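Presented below is the structure to which this report refers.
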Amino acid sequence: MQKSYSKNSIPDLRRKVQYRDEIDLRYLGMRYLVPVMIMLTILIIGVMMVAATPNSNFPANL
């Protein structure tokens, strides 16, 4: 039987994870936030335009 003298590799699942340790605040700066907001705005406008166009359930000539 092999004996391991190194650090215990089994994680302690009882330890509470601090979410502020998980989130890197560098990604919340304006440099990253503005392009994401622009892309989301374009996506929302595109979805609204597709939803507003006439289709077979609501034709334009009514």
With R₀ set to 25 angstrom, the calculated FRET efficiency between the beta-carbons of LEU33 and THR53, to the nearest 0.05, is 0.20
Between ILE45 and ASN61, what length comes free when the chain is fully extended (0.36 nm per residue of separation minus the Cα-Cα distance, one decimal in nm)?
3.4 nm
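Any read-out appearing in this document is the output of simple, stated calculations on the displayed coordinates, not a laboratory observation. Model, not experiment: these values are computed from the prediction. All Cβ positions, glycine included, derive from the backbone under ideal geometry; neighbour counts span all protein chains shown.
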